[in-house]
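In what follows, a structure is listed as structure tokens, so that the remarks can point back to it.
Throughout, read-outs are computed from the coordinates displayed, never taken from laboratory work. None of these values were measured; they are calculated from a predicted model. Cβ sites come from the backbone with ideal geometry, for glycine too, and all protein chains shown count toward neighbours.
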Amino acid sequence: YLSKTLTIQGGYATNNWVTPDPETNITTLDAQGQGRVFFIQGENIYPTIAGLYITGGVGVSAGDVEGDGGGIYADSGCCDGATSLLDNHIYGNSASTYNGGGVYLHGYAYYTLTGNTFENNTAADRGGGIHADWATVPTLTDNLFIGNSAYRGGGLAVEYSANLQGNIFRNNHAETAGGGLYVTSMQSFDSDGEMFIGNSAYYGGGVYFSSREDVQDDSWMANTLIADNQASMEGAGIYIAGGLL
């Protein structure tokens with residue numbers, strides 16, 4: 001449980017506490033199905049979680065918090081900084097009743113996610129790898145989403161606003177929409193250099209865009225590779241509802 005701004009860094013060795021090497025010195029936090037691995041909540045707090053292997057987390061309902069976020073539940077309040085997830089391997093977590101199998105991002109807050117791997121996480125509703133809830137502003141750079149699954153948004157589900165650059169979505173699955181990426185209720189969406197390969201869903205095997213009247217005109221998606229995705233009904237590569245783009 002994190003309620004302050006601090007850094008939790010994995011990858012150190014007992015003979016070297018200066019330079020972390022997460023690839024060699026694997027630091028694993030395993031919730032063993034007993035609850036979430038990390039629960040982050042507080043006003044104006046901006047922790048950094050880096051270089052960790054995060055697994056075995058399950059989203060559980062407690063108080064006014066529903067069962068979102070199997071590996072990490074983050075609600076950092078608003079608005080002067082960003083909670084950061086850097087170079088983590090987040091795998092084998094689940095939100096068995098709600099959203100965000102690997103990570104759930106919540107609140108009027110900014111989040112920075114760079115160089116992480118989200119693998120084999122599951123969610124009952126949105127975002128097998130990550131679900132970014134209403135009013136969050138996540139920036140995702142050079143992350144890998146592989147083998148995640150959900151009802152909507154097998155790899156990633158985002159609302160409100162998002163900035164994506166250089167992320168890879170491979171072999172994710174959604175039961176209904178957005179095997180790789182599910183986008184809805186967006187104020188703005190910027191994407192450059194994404195790769196969607198081998199994802200699957202009923203609609204939008206690679207990407208699913210839901211229409212909303214207040215989407216900003218400067219939303220865009222550029223330099224994108226979409227290959228070998230499958231849809232049971234429509235939009236193997238991309239499905240766009242209501243003429244969004």
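Full extension from D142 to A82: what is 0.36 nm times the residue separation minus their Cα-Cα distance, to one decimal in nm? The D142-A82 span can extend by a further 19.9 nm.
Quick one: check the C-alpha center-to-center distance for the range 91-134 versus the range 1-40, whole angstrom. So the separation of the two Cα centres works out to 18 Å.
When you restrict to C-alpha pairs under 8 Å that are six or more residues apart and normalise by the size of the chain, the relative contact order lands at 11 percent. Using just the C-alpha positions of the range 24-135 as equal point scatterers, what log10 of I(q)/I(0) does the Debye formula give at each q in 0.10, 0.15, 0.20, 0.24 1/Å? With one equal scatterer per Cα and no solvent, log10 I(q)/I(0) is -0.23, -0.54, -0.97, -1.34.
The orientation-averaged projection of the convex hull spanning the C-alpha atoms of the range 67-111 amounts to 3.1 square nanometres.
Its convex hull of Cα atoms gives the chain a direction-averaged projected area, equal to a quarter of the hull surface, of 12.7 nm². Length available on full extension from T224 to S3: 0.36 nm per residue minus the Cα-Cα distance, which gives 75.8 nm.
Taken along the Cα-to-beta-carbon direction at a fixed 7 Å, the label points for Q165 and T28 span 3.4 nm. A simple count of charges around F196, restricted to other residues whose Cβ falls under 12 Å of its Cβ and scoring Lys, Arg +1 and Asp, Glu -1, yields -1. Note on the range 137-204: percent of Cα-Cα distances in each 10 Å bin, starting at 0 and stopping at the bin with the largest distance, equals 25, 55, 20.
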